[in-house]
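Novice: Mind having a look at this structure? Questions to follow.
The values are calculated or read from the model by the stated rules, or taken from the named source; none is laboratory data. The structure presented is a predicted model; accordingly, all values stated were derived computationally and were not measured. FYI the Cβ positions are ideal-geometry reconstructions off the backbone, even for glycines, and counts take in every protein chain you see. Calculation scope for accessible area: heavy atoms of the full protein, side chains included, ligands and nucleic acids excluded. Shrake-Rupley method; radii C 1.70, N 1.55, O 1.52, S 1.80 Å.
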Amino acid sequence: MTTDVTISAGRAAPLGAIFDGEGVNFAVFSAHATRMVLCLFAEDGRETHRIPLPERDGDVWHGHIAGLRPGQRYGYRAHGPYAPHQGHRFNPNKLLIDPYARRLTGQPHWHDALYGYDIARDDLSFSTLDSAPFMPRSVVVDPSFSWGNDRPPETPVEESVIYEAHVKGLTRLHPTASPKGRFLGLASDPMLEHYTKLGITAVELLPVHAFVDDKFLHDKGLTNYWGYQTLGFFAPDPRYLSGDDISEFQQMVARLHSAGIEVILDVVYNHTCEGTELGPTLAFRGLDNASYYRLAEDRRFYINDTGTGNTVNVDHPMVLRMIMDSLRYWVEVMHVDGFRFDLCATLGRRGNEGFDPGAAFFDAVRQDPTLARVKLIAEPWDIGPGGYQLGAFPPPFLEWNDRFRDAVRQYWRGDAGQVPRLADRITGSAQQFDHSGRPATSSVNLITAHDGFTLTDVVSYDTRHNHANGEGNRDGHGANYSDNMGVEGPTADPAIRAARARRKRNMLATLLLSQGVPMLLAGDEIGNTQSGNNNAYAQDNEIGWIGWEGADDALTEAVAALIAFRRAHPILRQKRFLHARERAVDGLPDLFWWREDGAEMTDADWHDDTRRLLCVEKRTAAGTPPYAALETAVFLVFNAGSATSVTLPPAPRGMGWVARIDTSEESVAVERPTAGSIACPGNSVLALVLEAQA
């Protein structure tokens, strides 16, 4: 190890390793360290230098080394007290990732040396093993990129259709996308053609931040496929790069933008990959455990509101700064268009006081001008006390709405008493979201997501089949509200196959005809299955990857037709909640709930648990009453029962109802003028539009 490097004071900001044209400035936060040592590495992995950072400005340690260039590999060793009961776990034998590293060389290789304690004893012991041979390196990068005339699509939220996808799983088995399983493959020509054909407006990517494969999975020969164990909040995971250049991510974004498609990232700021007190020391724990994590009264232990072993201490200003710097980096440097916050309820916890919509994290995000132009989506729960917070987030946050998912599945399964629940869900879930000036688009509606059954599996399995996860089939959701429709799993029975196909069309139609922001799970549009696994977090294989062979082209066409219908009728995308009250513009109600005989729904109808049919008419108008300036109206029928005749609402003179969507048809798109009434097939959705008659 040489000492032929001269380090000067440098600057305390910005944090991270920043190339300034003359060298690299290193700055890292630690409030409780007594000494911070910068370690430099050669490309072959040799540790060439250990250089104490010469300056401390407040709690930021920093220094500048002239002559260093992008590509330089580095890490830190932090000196300080090893006193677990006081919350301190410093151990200079452990090489630490820079929390602000823009690139990592890989992920840790599991070895006893990764732990700050002697694993043959307990976590109060102290390990003298050097972890550097088993740790990835942080890498200095120059993130500048020639964006040309790239412009964010800035799709209005009410026009958004989100497509949730896994970077690797989306293209790993695709016949023509290349490079498979990488950022660039996700934006290859065949994939852009697919997105455009569907009509989606945004891809929401499962975590792309550098993450770790949990040791318990590694020991079972499995991997952390989904990526919800973050190691670095600024670095894209190297597994999704074809080489070692982070510009591949930027190229992906630019190509998606050129097709009018936004990029939303699923981000995990609520916990890290370091786990409980028995976990490894990789970055945050070794740099300043007492600052980065929320600790219990006995500070040896962690508060675990996330179910992953630890909880990030968002109350600490420097930790909050790291999160905000990360968000701004991905917007300003990487040009992403929004974020979905994993376990977002955790980020709104204030010490031991529970969830607070006025917590520091929400205030910081809402006042930030950079984040004001991107989409913000909350997963509104965690496992902490009072962790379920659907509807409680402040604007402009949108929220994943699992109650929409459950209501739609139960309604089409034929469960009793679901008509009132469905009515609430298709009109924006007003009970949860109609407050504080929030629009109906606050609800991100979904039927499926990465966590749970695929759409095909919802109609093919009664119970989960997670044996491949190695947890005795005890993991994953127990309440799936699914229905195998007669046979568990695949079947050659044509009647069951047809019934399953129709139910999928029904659920997709319900999703795309509802107020709110629809989200599709990638692969549902082609009939993808996970063979009944509803928790494929560890399945980096054919279970978790999308199977493009044998894709259901008819279903793809149906989804595209439903999205096109939604796009063509703004009334379906209204941001204002509809409450069947008089409009100021013309004194007419904006919403009508009808029975199949043409009468309005009564209280008795709403409380009839045997009812399996729901009819709703939505109108929008401007000008003089009653219909002189009518813009549009739609009439929707959701029939989970038997075939029946439905009386249509009266049409204004010169206008008539035309059926445009019928899920009893494989294509769903129809053109069927009607008069007075319409035959509604059993187990189907109809959508009719009020149109001028020749």
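Novice: If I ask for residues that are within 26 Å of residue 160 (Cα to Cα) and open to solvent by less than 30 Å² (accessible area, probe 1.4 Å), which ones from the stretch 255-273 would you list?
Specialist: Once the filter is applied, which keeps residues that are within 26 Å of residue 160 (Cα to Cα) and open to solvent by less than 30 Å² (accessible area, probe 1.4 Å), the stretch 255-273 yields 256, 257, 261, 262, 263, 264, 265, 266, 267, 268, 269.
This table checks each residue for (1) without any contact (Cβ under 8 Å) to a residue 60 or more places away in the chain; (2) open to solvent by 10 Å² or more (accessible area, probe 1.4 Å).
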position: 346; (1), (2): no, no
position: 372; (1), (2): yes, yes
position: 375; (1), (2): no, yes
position: 378; (1), (2): yes, no
position: 389; (1), (2): yes, yes
position: 393; (1), (2): yes, no
position: 397; (1), (2): yes, no
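Novice: A follow-up question, please. Determine whether the stretch 203-221 contains at least one residue that is under 29 Å from residue 518 (Cβ atoms), in contact (Cβ under 8 Å) with a residue 40 or more places away in the chain and in a helix (DSSP H, G or I).
Specialist: no
Novice: Hey, among the residues in the stretch 661-694 that are open to solvent by 60 Å² or more (accessible area, probe 1.4 Å) and part of a strand (DSSP E or B), which one's nearest to residue 641 (Cα to Cα)?
Specialist: In this case the residue turns out to be 679.
Novice: Then there's this: Any chance the stretch 578-593 includes a residue that's open to solvent by 50 Å² or more (accessible area, probe 1.4 Å), in a helix (DSSP H, G or I) and either farther than 28 Å from residue 644 by Cβ or at pLDDT below 95 (or both)?
Specialist: no
Novice: Any residue at all in the stretch 340-351 that is closer than 24 Å to residue 91 by Cα and either outside any loop (DSSP other than H, G, I, E, B) or β-branched (Val, Ile, Thr) (or both)?
Specialist: no
Novice: Something else now. Tell me, which residue of the stretch 531-553 that is touching a residue at least 40 places away in the same chain (Cβ under 8 Å) and not in a loop (DSSP other than H, G, I, E, B) is farthest from the chain's Cα centre (by Cα)?
Specialist: Among those residues, the one meeting the criterion is 538.
Novice: A further question on this structure: Any residue that is aromatic (Phe, Trp, Tyr), outside any helix (DSSP H, G or I), over 18 Å from residue 270 (Cβ atoms) and under 18 Å from the mean Cα position of the chain (by Cα) - is there at least one of those in the stretch 236-248?
Specialist: no
Novice: Among the small types (Gly, Ala, Ser) and either under 27 Å from residue 224 (Cα atoms) or under 22 Å from the mean Cα position of the chain (by Cα) (or both): is that true of residue 423 in this structure?
Specialist: Against the criterion (among the small types (Gly, Ala, Ser) and either under 27 Å from residue 224 (Cα atoms) or under 22 Å from the mean Cα position of the chain (by Cα) (or both)), residue 423 does not qualify.
Novice: Give me the pairs, please: first residue somewhere in the stretch 617-638 and open to solvent by 20 Å² or more (accessible area, probe 1.4 Å), second residue anywhere and at pLDDT 50 or above and among the small types (Gly, Ala, Ser), beta-carbon distance under 7 Å, and either six or more positions apart or on two chains.
Specialist: Final answer for the pair search is 625/587.
Novice: Which number in (1) open to solvent by less than 40 Å² (accessible area, probe 1.4 Å); (2) in a loop (DSSP other than H, G, I, E, B); (3) modelled with pLDDT of 95 or more marks the one condition that residue 45 misses?
Specialist: It is condition (3) that residue 45 fails.
Novice: I would also like to ask the following. Quick one: is residue 295 of a type in the set (A, V, I, L, M), open to solvent by less than 30 Å² (accessible area, probe 1.4 Å) and in contact (Cβ under 8 Å) with a residue 60 or more places away in the chain?
Specialist: Answer is yes for this residue.
Novice: Right, here's the next one. Taking residue 363, is it surrounded by fewer than 17 Cβ atoms within 10 Å (Cβ to Cβ) and assigned to a helix (DSSP H, G or I)?
Specialist: yes
Novice: Give the residues of the stretch 165-194 that are assigned to a loop (DSSP other than H, G, I, E, B), without any contact (Cβ under 8 Å) to a residue 40 or more places away in the chain and open to solvent by 60 Å² or more (accessible area, probe 1.4 Å), sorted by residue number.
Specialist: Once the filter is applied, which keeps residues that are assigned to a loop (DSSP other than H, G, I, E, B), without any contact (Cβ under 8 Å) to a residue 40 or more places away in the chain and open to solvent by 60 Å² or more (accessible area, probe 1.4 Å), the stretch 165-194 yields 176, 178, 180.
Novice: Could you list, in sequence order, all residues of the stretch 96-131 that are surrounded by fewer than 19 Cβ atoms within 10 Å (Cβ to Cβ) and closer than 18 Å to residue 211 by Cα?
Specialist: 105, 106, 109, 110, 111
Novice: Among the residues of the stretch 153-164, write down those that are open to solvent by 60 Å² or more (accessible area, probe 1.4 Å) and either aromatic (Phe, Trp, Tyr) or part of a loop (DSSP other than H, G, I, E, B) (or both).
Specialist: Residue satisfying the conditions is 154 alone.
Novice: When the stretch 313-336 is examined, which residues are found to be touching a residue at least 24 places away in the same chain (Cβ under 8 Å), open to solvent by 10 Å² or more (accessible area, probe 1.4 Å), touching a Ser or Thr at 6+ places or on another chain (Cβ under 7 Å) and over 29 Å from residue 261 (Cβ atoms)?
Specialist: The answer is 316, 318.
Novice: Shifting gears a bit: If we keep just the residues of the stretch 57-95 that are buried (at least 21 other Cβ atoms within 10 Å of the Cβ) and polar (S, T, N, Q), which is farthest from residue 239 (Cα to Cα)?
Specialist: Ranking the qualifying residues of the stretch 57-95, first place goes to 91.
Novice: Report whether or not residue 13 is over 22 Å from residue 316 (Cα atoms), surrounded by fewer than 19 Cβ atoms within 10 Å (Cβ to Cβ), modelled with pLDDT of 95 or more and not acidic (Asp, Glu).
Specialist: Considered against the rule, which asks whether it is over 22 Å from residue 316 (Cα atoms), surrounded by fewer than 19 Cβ atoms within 10 Å (Cβ to Cβ), modelled with pLDDT of 95 or more and not acidic (Asp, Glu), residue 13 comes out as no.
Novice: Specify the residue that is farthest from the chain's Cα centre (by Cα); the eligible residues are those in the stretch 471-523 that are outside any loop (DSSP other than H, G, I, E, B) and closer than 25 Å to residue 172 by Cβ.
Specialist: Out of the qualifying residues, it is 504.
Novice: Across the stretch 645-660, which residue is farthest from residue 525 (Cα to Cα) among those that are in contact with a Leu (Cβ under 7 Å, 6 or more places away or on another chain) and in a strand (DSSP E or B)?
Specialist: Taking the candidates together, the pick is 655.
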